[in-house]
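Written below as structure tokens is the structure these notes are about.
The values are calculated or read from the model by the stated rules, or taken from the named source; none is laboratory data. Note that the structure is predicted; figures quoted are calculated from it, not measured. FYI the Cβ positions are ideal-geometry reconstructions off the backbone, even for glycines, and counts take in every protein chain you see. These area figures cover heavy atoms from the full protein model, side chains too; ligands, DNA and RNA do not enter into them. Shrake-Rupley method; radii C 1.70, N 1.55, O 1.52, S 1.80 Å.
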Amino acid sequence: MITAIAIDDEPLPLEILESYCSNIPFLTLEKTFTQTSEARKYLQKHPVNLLFLDIHMPAISGIDFYKGIEQDTMVIFTTAHSQYAIDGFNLSAVDYLLKPYSFERFETAVNKANDYYNFLNQKEEKEPKHLFIRAEYSLVKIALTDIFYIEGLADYLKIHLLNGKTILTRMTMKTMLSKLSPKEFIRVHRSFIIPFSLITRVRNKIIILRNQEIPIGASFEDAFFEAFGNR
């Protein structure tokens with residue numbers, strides 16, 4: 001069960017949130033607040049898993065409020081001002097709801113929070129089946145079996161999916177590798193990470209992933225052929 005509070009300086013959005021939350025079985029909205037000072041006092045004694053947080057408020061912005069809390073809490077920002085989306089993304093928000101939002105859009109956001117909560121609290125010995133990436137101003141869930149290959153582009157990664165779609169995220173290759181099982185994925189080039197399961201064949205220093213050719217970098221050659229030969 002995910003516990004939450006909501007903070008907004010206007011009562012009507014809080015009433016709508018309360019109504020929406022009452023229809024989500026895995027979510028308990030403990031309290032709502034129109035003043036950030038009262039919310040802060042509550043959080044000091046009653047930590048929660050998730051915040052619904054308006055960004056544009058008179059005393060302190062939701063951005064600054066979230067930066068100032070000590071506990072590691074998920075956040076879904078709610079605001080009528082779309083220009084704040086970048087700030088929410090930079091703070092690793094689960095999602096960003098632009099007012100007025102429908103119940104369906106709200107449900108999408110809290111489902112992301114639930115997936116991420118379950119991911120963070122799963123038993124360490126279990127192999128993860130999904131990857132959570134911050135992209136498109138929110139948290140994106142990707143099934144590991146959907147990944148075709150990963151391409152490095154300076155400070156960004158382009159995740160190519162089997163359905164032809166791509167997801168662009170700001171992340172290093174090293175950070176991405178730390179999230180993937182070495183039994184399933186391997187870096188074969190300065191710019192490419194691939195899944196072992198999709199290798200069709202290897203020709204000289206070229207890996208064929210279905211219909212895609214991926215070069216093997218000189219500094220990755222020995223490690224790749226050793227790992228590939230042991231499978």
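One residue alone among LEU12, LEU17 is open to solvent by less than 80 Å² (accessible area, probe 1.4 Å) and among the hydrophobic types (A, V, I, L, M, F, W, C), and that residue is LEU17.
Considering segment 174-186, the residues that are outside any strand (DSSP E or B) and under 15 Å from ILE147 (Cα atoms) include one that is most open to solvent (accessible area, probe 1.4 Å), namely LYS183. Just one of HIS130, HIS189 is closer than 25 Å to VAL94 by Cα and open to solvent by 20 Å² or more (accessible area, probe 1.4 Å); which is it? Result: HIS130 is the single residue among HIS130, HIS189 that is closer than 25 Å to VAL94 by Cα and open to solvent by 20 Å² or more (accessible area, probe 1.4 Å). Has segment 135-142 got at least one residue that is open to solvent by less than 90 Å² (accessible area, probe 1.4 Å) and among the aromatic types (Phe, Trp, Tyr)? Looking for residues that are open to solvent by less than 90 Å² (accessible area, probe 1.4 Å) and among the aromatic types (Phe, Trp, Tyr), one finds none in segment 135-142, hence no. For segment 197-222, filtering for residues that are exposed (fewer than 14 other Cβ atoms within 10 Å of the Cβ) and not in a strand (DSSP E or B) leaves 8. Within segment 20-68, the residues that satisfy the criterion of being surrounded by fewer than 12 Cβ atoms within 10 Å (Cβ to Cβ) and of a type in the set (Ser, Thr, Tyr) are SER22, SER37.
Collect the residues in segment 128-152 that are among the acidic types (Asp, Glu) and either touching a helix residue (DSSP H, G or I) at 6+ places or on another chain (Cβ under 6 Å) or at pLDDT below 95 (or both), keeping them in residue-number order. Before you say what the answer is, go through the steps one by one.
Start the filter on segment 128-152 by keeping residues that are among the acidic types (Asp, Glu), which leaves 136, 146, 151.
Within segment 128-152, GLU136 is the sole residue that qualifies.
Here ALA93, ALA85 are screened, and the one residue that is part of a loop (DSSP other than H, G, I, E, B) and modelled with pLDDT under 90 is ALA93.
Of the set (1) modelled with pLDDT under 85; (2) farther than 21 Å from PHE33 by Cβ; (3) among the small types (Gly, Ala, Ser), all apply to SER102 but (1). Working only within segment 44-72, note down all residues that are within 21 Å of TYR96 (Cβ to Cβ) and assigned to a helix (DSSP H, G or I). Residues satisfying the conditions are GLY62, ILE63, ASP64, PHE65, TYR66, LYS67, GLY68.
Filtering segment 204-224 for residues that are on the phi > 0 side of the Ramachandran plot and of a type in the set (A, V, I, L, M, F, W, C) leaves an empty set.
Only a single item in (1) surrounded by fewer than 15 Cβ atoms within 10 Å (Cβ to Cβ); (2) within 16 Å of the chain's Cα centre (by Cα); (3) assigned to a loop (DSSP other than H, G, I, E, B) is not met by PRO100, and it is number (2).
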